[in-house]
Amino acid sequence: MSESHQRRLKILFLISLPVLGSLFWYFIKVFQFQGNQEEFSDGMLALQLSRGWLEGRPLLYDNFYGDHARQHNYYFIPLTGLLTKFTGIYGLFLAYLGLFGVFFWQWFSGFKRFGTSLWTTNWLAVVFFVFGPMGYFIYLDYFGWHPEHYFLPLMALFALNLAKRKYAMAAVWLLLTFLVKETSNILICSLLLFCSVVDFLLTDAGKPWFSYFLNKRNLIVASVCLLLFCLSMGWLSHLNGPQPSRLGTAISRIQQSATPVRLITYISIYLVIGLIALIMGLFPFAIWLRSFKRRGIILGVLACGYSLLFVVYFFETLYYFPTIYMSVSYPPRIGGLWALMLSAYVFISYRFSQAGIMPAAFSVTYIYTGLVFQLILSSFIVSHRFVIDSDSRSLGISASKFINTRFGLNPYPDGNAHQLHELAKKLPEGSDVMVPNQYISYFQNVYPGSWNYEEKPPMLLRRPLLYVYEKSLIGKVSYYKFPQKGYRVIPNHQLLILADSKWYNQRYK
């Protein structure tokens, strides 16, 4: 086999990695969703936020919290409704993987100009960033899905177009990133300051270190991002009116439950998780910085940006104190930190390649070493609870069922799942239903609300067409509420299913 033929096969294999990774990841989420292995409540919430505005519901309204715009500036997620309107919850995963597909295409077309060896190293580095163990556990997200997942592909696209000096497209990706959440401003600020320092160093690496940090451009970037962050938080405060903010509620909870030992333990674990994630993300940077004389400046600005975002997430997670798995290790938050590391690597590798800087010797070693650390540590620092992971027999049974359903094309073939799913398909567009939390995934084509264990009133916009109860809990729990009249019973041995009489007589009977 000729050398050129071997090279073509190698490139073909490398290109296939993200394609195969995307296919595998898509089916993993379908499997996770249809297997009912997780609560998936936040995934269903994200689905409602994404397409509700296309079906006559208020923008950013869901049946779990009500007006979600009062909690977060989730203004990117409605754009995914253009997919989820027709594909259901699967559109959330397709949008994520599609954005990464655009990124990898641009990454390949941009880097192949620098030579095969250089392209190969960077391709593997980014593949392991996106599809490595850290990326896997972030993507898995045991509550289903969050709008923050889109930080990863959007930030990568923003950094790449910025590195290519395609400023118009970079502005588009920046705007989309800005719309993801109110903390987007901090993530964007950290990346822009990193990019600014790298550019200054590549232009002139002989200046005093402080001049790369303290200059007019960096001051403008920091000021604008701070202003936008304040405006974002001010907008949330305006929407909430006299109601206490999430931060105010968090501080109140800490005052009630925190002890010095508990607070120190929480902060220590939080710092350890963040430090481990930072170290794992730094391994690919060694490809370029090992032989760069002023690498301390680049590592310093990256650490500062990471720390800034880290602190913002700390205050965000105080709302859940002292629950550590909802802190920085929670997939939407550690995903933001990982997005910063990925986008910073994308920018520096492309800019260094443009400047003719060659990667260090044995650079692939750093990538594989980082991958090994991910394999060992990521399952400990990223919160996950995928039940089948710990039970090989359960995994085999679930996988067999998934294959028998033609990989999710014919889901829920029997039992309660089948009956509820068939009921959901007969409901008119925009219908509301009330169901136990473990059954919400069967109603993705309408708008389920979950029985609230904190006894808060349901947030449904309309009169429910279905009420579903577990018979074994009736009379034993206080959160079940029953309609007074106007409903018919649909037979089921395990569940009490009440259907709106008018709908039942017209569409179901």
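The values are calculated or read from the model by the stated rules, or taken from the named source; none is laboratory data. Source: prediction; values computed, not measured. A quick note on method: Cβ atoms are made from the backbone with ideal geometry, for glycine too, and the neighbour counts reach across all protein chains shown. Quick note on the areas: whole protein, heavy atoms, side chains included, nothing else; ligands and nucleic acids left out. Shrake-Rupley method; radii C 1.70, N 1.55, O 1.52, S 1.80 Å.
Residue by residue, here is whether (1) among the charged types (D, E, K, R); (2) at pLDDT 90 or above; (3) open to solvent by 70 Å² or more (accessible area, probe 1.4 Å); (4) in a helix (DSSP H, G or I) holds:
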| site | (1), (2), (3), (4) |
| --- | --- |
| V261 | no, no, yes, yes |
| I273 | no, yes, no, yes |
| L282 | no, yes, no, yes |
| I297 | no, yes, no, yes |
| L309 | no, yes, no, yes |
| Y319 | no, no, no, yes |
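Here is a yes/no grid of residues against (1) in contact with a Phe, Trp or Tyr (Cβ under 8 Å, 6 or more places away or on another chain); (2) among the small types (G, A, S); (3) buried (at least 17 other Cβ atoms within 10 Å of the Cβ); (4) at pLDDT below 95:
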site: Y306; (1), (2), (3), (4): no, no, yes, no
site: V312; (1), (2), (3), (4): no, no, yes, yes
site: E316; (1), (2), (3), (4): no, no, yes, yes
site: I324; (1), (2), (3), (4): yes, no, yes, yes
site: S327; (1), (2), (3), (4): yes, yes, yes, yes
site: A355; (1), (2), (3), (4): no, yes, no, yes
site: A361; (1), (2), (3), (4): no, yes, no, yes
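Checking A159 against (1) farther than 16 Å from P332 by Cα; (2) in contact with a Cys (Cβ under 8 Å, 6 or more places away or on another chain); (3) open to solvent by 10 Å² or more (accessible area, probe 1.4 Å), which single condition isn't satisfied?
Among (1) farther than 16 Å from P332 by Cα; (2) in contact with a Cys (Cβ under 8 Å, 6 or more places away or on another chain); (3) open to solvent by 10 Å² or more (accessible area, probe 1.4 Å), A159 violates only (3).
For L176, which of the numbered conditions (1) in contact with a strand residue (DSSP E or B) (Cβ under 8 Å, 6 or more places away or on another chain); (2) under 27 Å from P284 (Cβ atoms) fails to hold?
Checking L176 against (1) in contact with a strand residue (DSSP E or B) (Cβ under 8 Å, 6 or more places away or on another chain); (2) under 27 Å from P284 (Cβ atoms), the one that fails is (1).
Does region 366-383 hold any residues that are farther than 25 Å from R290 by Cβ and surrounded by fewer than 18 Cβ atoms within 10 Å (Cβ to Cβ), and which are they? Can you show your working first?
Narrowing region 366-383 to residues farther than 25 Å from R290 by Cβ: 379-383.
Selection gives S379, F380.
Look through region 25-82, keep the residues that are of a type in the set (G, A, S) and in a loop (DSSP other than H, G, I, E, B), and return whichever of them is surrounded by the most Cβ atoms within 10 Å (Cβ to Cβ).
Narrowing region 25-82 to residues of a type in the set (G, A, S): 35, 41, 43, 46, 50, 52, 56, 66, 69, 81.
If we keep only those that are in a loop (DSSP other than H, G, I, E, B) as well, we get 35, 56.
Numbers: G35: 22, G56: 9.
Looking at residues that are of a type in the set (G, A, S) and in a loop (DSSP other than H, G, I, E, B), I get G35.
Tell me which residues, restricted to region 83-96, are buried (at least 17 other Cβ atoms within 10 Å of the Cβ) and assigned to a helix (DSSP H, G or I). Please lay out each step first, then the result.
Step one: list which residues in region 83-96 are buried (at least 17 other Cβ atoms within 10 Å of the Cβ), which gives 83-84, 89-96.
Correct list: L83, T84, Y90, G91, L92, F93, L94, A95, Y96.
Among the residues of region 2-16, are any under 21 Å from the mean Cα position of the chain (by Cα) and among the basic types (K, R)?
To start, the set of residues in region 2-16 that are under 21 Å from the mean Cα position of the chain (by Cα) comprises none.
No, that holds for no residue.
Please go through (1) within 22 Å of H72 (Cβ to Cβ); (2) assigned to a loop (DSSP other than H, G, I, E, B); (3) of a type outside the set (V, I, T) for S291 and return the number of the only condition it doesn't satisfy.
With respect to (1) within 22 Å of H72 (Cβ to Cβ); (2) assigned to a loop (DSSP other than H, G, I, E, B); (3) of a type outside the set (V, I, T), S291 is out only on (1).
Residue by residue, here is whether (1) within 21 Å of A355 (Cα to Cα); (2) surrounded by fewer than 22 Cβ atoms within 10 Å (Cβ to Cβ); (3) touching a helix residue (DSSP H, G or I) at 6+ places or on another chain (Cβ under 9 Å); (4) touching a residue at least 60 places away in the same chain (Cβ under 8 Å) holds:
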| position | (1), (2), (3), (4) |
| --- | --- |
| K166 | yes, yes, yes, no |
| A171 | no, yes, yes, no |
| F178 | no, yes, yes, no |
| T183 | no, no, yes, yes |
| S190 | no, no, yes, yes |
| F194 | yes, no, yes, yes |
| V198 | yes, no, yes, yes |
| G206 | yes, yes, no, no |
| W209 | yes, yes, yes, yes |
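Can you find a residue in region 245-255 that is more than 30 Å from Y61 (Cα to Cα) and part of a helix (DSSP H, G or I)? It would help to see each step written out before you state the result.
Let us first name the residues in region 245-255 that are more than 30 Å from Y61 (Cα to Cα), namely 255.
Then drop every residue that is not part of a helix (DSSP H, G or I), which leaves 255.
Yes, region 245-255 contains at least one residue that is more than 30 Å from Y61 (Cα to Cα) and part of a helix (DSSP H, G or I).
Could you list, in sequence order, the residues of region 172-199 that are hydrophobic (A, V, I, L, M, F, W, C) and not in a helix (DSSP H, G or I)?
Let us first name the residues in region 172-199 that are hydrophobic (A, V, I, L, M, F, W, C), namely 172-176, 178-180, 186-189, 191-195, 197-198.
L179, V180 - these are the residues of region 172-199 that are hydrophobic (A, V, I, L, M, F, W, C) and not in a helix (DSSP H, G or I).
Give L99, L160 a once-over and let me know the one that is in contact with a Leu (Cβ under 7 Å, 6 or more places away or on another chain) and in a helix (DSSP H, G or I).
Details: L160 fails: in contact with a Leu (Cβ under 7 Å, 6 or more places away or on another chain).
Going through L99, L160 in turn, just one is in contact with a Leu (Cβ under 7 Å, 6 or more places away or on another chain) and in a helix (DSSP H, G or I): L99.
Here are T80, T87: which of them is of a type in the set (S, T, Y) and in contact (Cβ under 8 Å) with a residue 12 or more places away in the chain?
Working: T87 fails: in contact (Cβ under 8 Å) with a residue 12 or more places away in the chain.
From the options T80, T87, the qualifying one is T80.
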